[in-house]
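> Provided herewith is a single structure, encoded as structure tokens, for subsequent inquiry.
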Amino acid sequence: MMNLLYIPFVLQGSAMFVDEFYFHRKRGLLRWERIGHPLDTITVFMCYLFLLFASITQSNVIIYGCLAIFSCLFVTKDEFIHAKECSPSEHWLHAFLFMLHPIILGLAGWMWINQLPNSLLIGQTLITGMFLIYQIIYWSIRHE
């Protein structure tokens, strides 16, 4: 059963890999996206960090829900730019990622509330943190 919980995370990670290392590198990113994409990652990273360090209380469940909803809305901010810059296949991939985003954050929250082993959450936090560092270095510093 636990292995099934990994599927959405693997799908999201795989889709992010294709988006970042194929589509973004193929077309390049405008300045707004070079700034905005690491900010998107920060919203996810903050959700995971919260789950790792917060105790399970009714208030913290509400706080996490607010963080997750904010992240789900925040990641859509670039779609006005994407409408002009992206190919149809990249749009499809973004739609797929937008569907997975609330699923992975909801699943992470559910795992936290049910006190399931947090090795997946620790791994996701580390991967997300490393991806954030990569984004800052590659898209911000390298392209200034």
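Coordinate-derived values only; no laboratory data. The structure displayed is predicted, hence computed values, not measured ones. When we count neighbours, we look across all protein chains shown, and the Cβ atoms used for this are built from the backbone with ideal geometry, even at glycine.
> If I stretch the segment between Glu85 and Ile113 completely, what's the gain in nm (0.36 nm per residue apart, minus their alpha carbon distance), one decimal?
Between Glu85 and Ile113, full extension yields an extra 6.1 nm.
> Could you work out the relative contact order of the chain? I mean the mean sequence separation of Cα pairs under 8 Å and 6+ apart, divided by the number of residues, in percent.
That works out to 41 percent.
> Run the dipole for the chain about the Cα centre, Lys and Arg Cβ at +1, Asp and Glu Cβ at -1, nothing else charged, and hand back the magnitude in debye, nearest 20.
Here the size comes out at about 160 debye.
> Any idea how far the Cα center of the stretch 1-48 sits from the one of the stretch 87-112, in Å?
Spelled out, the Cα-based centre of one part sits 9 Å from the other.
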